[in-house]
Amino acid sequence: ALIGLFAEWHYRQLPELPTQPANLPTSSVEIIVPARNEAATIERVTASLLALHYPTFLVTVIDDHSTDNTAMLAVGVGANVIRLEAEPPPGWTGKCNACDQGARRSEADWLLFTDADTYHTPDSLTCAVAYAESHDLDALSLLLRQECVGFWDRLILPLAYQNYFAVLRPSKPAFNGQYILIRRSVYNESGGFGAVRGRVMEDVALAELLADQGYKTALLNGHQVASVRMYADLSALLHGMTKTAFTAARDRGAVGWLLGSVTFIGVFVIAMFAYGVLSGQTPLIGAALLICAVNGLGLLPWLSRFGVRPTYAALNLIGIGVLWLIGMVGTFRALCGVGVRWKDRVIIETR
């Protein structure tokens with residue numbers, strides 16, 4: 001019950017990006033899309049970006065040494081494409097290197113970094129730049145609506161986001177790497193992605209960097225203006241969420257991860273239910289099912305936000321178990337220093 005209440009409280013504290021700005025901005029924007037082997041999604045994102053209702057902007061896809069036809073498809077849609085033929089320099093993650101390569105070549109007033117699996121409504125950029133300029137922000141980030149398509153998306157993502165908001169500290173600087181809008185002058189002065197070049201969760205690191213340097217930033221709810229399908233299949237979901245768990249373990253240590261992760265609580269519920277069934281103790285079975293029912297009720301708002309049928313609330317015990325296993329794998333890889341695999345590369349975080 002507390003998990004659900006904290007998640008709702010923190011979510012409702014997050015400001016929502018206005019969709020009808022009072023003033024129409026005229027500042028130039030370069031939209032930078034880092035892409036590595038994104039043939040399945042690059043046409044959709046570039047088409048949505050090129051259809052933006054904004055006076056002066058350029059869409060640049062940074063092809064990060066792809067082994068598929070990502071670059072060719074992006075060119076076909078009409079995007080400007082920069083091809084990186086070499087692997088990232090030592091100490092750089094691929095995304096930080098791609099984003100920085102695009103930023104250093106830009107002359108626009110604003111830089112928008114957005115992922116290759118996103119989709120943008122025509123007025124999204126106008127709304128974001130107008131809000132940032134009217135509030136005198138140096139950088140703005142949006143949380144996007146999650147597109148839950150397959151079974152595993154529907155089972156895991158609403159629960160994962162509920163857990164994320166349950167432990168979110170609204171007062172702490174935070175960015176979502178799927179959508180980061182930043183003044184180009186601020187990017188250059190702060191060091192941008194080059195200053196956090198070895199971090200796996202570069203968005204969190206960039207938000208903390210800008211806050212430490214005194215820049216004014218904001219994280220907003222952008223569900224109405226942009227969406228993302230993060231994972232194409234179960235394999236991508238497991239790799240992506242293991243990357244998140246890996247970073248949590250590196251930042252907090254194994255004990256901090258175990259104590260801080262709300263999914264760990266679910267392990268005791270699973271054990272309670274299993275022991276009750278095996279030993280024939282009906283009260284334990286009833287208690288476990290009651291806890292699952294309470295958690296399922298708390299999950300209903302998140303299912304609604306992500307367009308998932310309410311019946312998935314009944315499967316939350318399975319989702320809890322999967323999230324816990326992902327957390328354990330990420331923690332193990334962090335403790336052993338073996339890094340995580342993402343986009344066909346093994347990433348070992350450096351500071």
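The values are calculated or read from the model by the stated rules, or taken from the named source; none is laboratory data. These numbers were taken from a predicted model, which means no experiment stands behind them. Note that we place each Cβ from the backbone using ideal geometry, even for glycine, and neighbour counts take in every protein chain shown. For accessibility, only protein heavy atoms count, side chains too; no ligands or nucleic acids. Shrake-Rupley method; radii C 1.70, N 1.55, O 1.52, S 1.80 Å.
Mean separation of Cα pairs under 8 Å and 6+ residues apart, divided by the residue count of the chain: what relative contact order is that in percent? Don't jump to the answer; show the numbers that get you there.
Values: 638 pairs, mean separation 73.6, N = 351.
Relative contact order for the chain comes out at 21 percent.
Taking other residues whose beta carbon is less than 13 angstrom from the beta carbon of E147, and scoring Lys, Arg as +1 and Asp, Glu as -1, yields +2. Using Cβ point charges alone (K and R +1, D and E -1), the dipole size of the chain about the Cα centre works out to roughly 860 debye. Taking a sphere under 15 Å around the Cβ of E133 and counting the other residues whose Cβ falls inside, with K and R at +1 and D and E at -1, yields a net charge of 0. Only Lys, Arg, Asp and Glu carry charge here, each on its Cβ (+1 for the first two, -1 for the last two); on that basis segment 22-102 has a dipole of about 200 debye about its Cα centre.
Backbone phi angles across segment 211-218, fed through the Karplus curve with coefficients 6.51, -1.76 and 1.60 (θ = phi - 60°), yield HN-Hα couplings of 5, 5, 8, x, 7, 9, 10, 8 Hz in residue order; Gly and Pro are listed as x. Ordering A232, T217, L157 by the projection of their Cα atoms onto the charge dipole of segment 155-235, which places +1 on the Cβ of Lys and Arg and -1 on the Cβ of Asp and Glu, puts T217 at the extreme positive end. For Cα extents along the principal axes in Å, the value computed from the atomic coordinates appears in the list [x] 74, 50, 36; [y] 63, 47, 35; [z] 69, 45, 40 under label [z].
Within the accessible surface of segment 126-191, defined with a 1.4 Å probe on protein heavy atoms only, the carbon and sulfur portion equals 48 percent.
For E16, the residues 5 or more places off, or on other chains, whose built amide H falls under 5 Å of its own are N221. In this structure the chain gives 45 Å² per residue of accessible area when probed at 1.4 Å with all protein chains present. Normalising the average separation of contacting C-alpha pairs (under 8 angstrom, six or more residues apart) by the number of residues puts the relative contact order of segment 35-162 at 28 percent.
Taking segment 176-206 and a reference point 7 angstrom along Cα→Cβ of Q213, the backbone N atoms nearer than 14 Å belong to 182-197, 205-206.
Amide H to amide H distances under 5 Å link N176 with L142, where only residues 5 or more positions off or on other chains count and H is placed in the peptide plane. Our coupling estimate for segment 176-185, obtained by passing each phi through the Karplus curve with A = 6.51, B = -1.76, C = 1.60 and θ = phi - 60°, is 10, x, 6, 7, 10, 9, 9, 4, 5, 5 Hz, Gly and Pro reported as x.
Could you rank E87, E189 by how accessible they are, 1.4 Å probe, largest area first?
Details: E87 90, E189 125 Å².
Descending accessible area places them as E189, E87.
Would you please give the FRET efficiency between A274 and E8, computed as 1/(1 + (r/R0)^6) with r the Cβ-Cβ distance and R0 = 35 Å, to the nearest 0.05?
Numbers: r = 30 Å, r/R0 = 0.85.
The formula returns an efficiency of 0.75 here.
Taken one residue at a time, the phi angles of segment 8-13 give Karplus couplings (6.51, -1.76, 1.60, θ = phi - 60°) of 5, 4, 5, 5, 6, 6 Hz. Gly and Pro are set to x. For E38, the residues 5 or more places off, or on other chains, whose built amide H falls under 5 Å of its own are T70.
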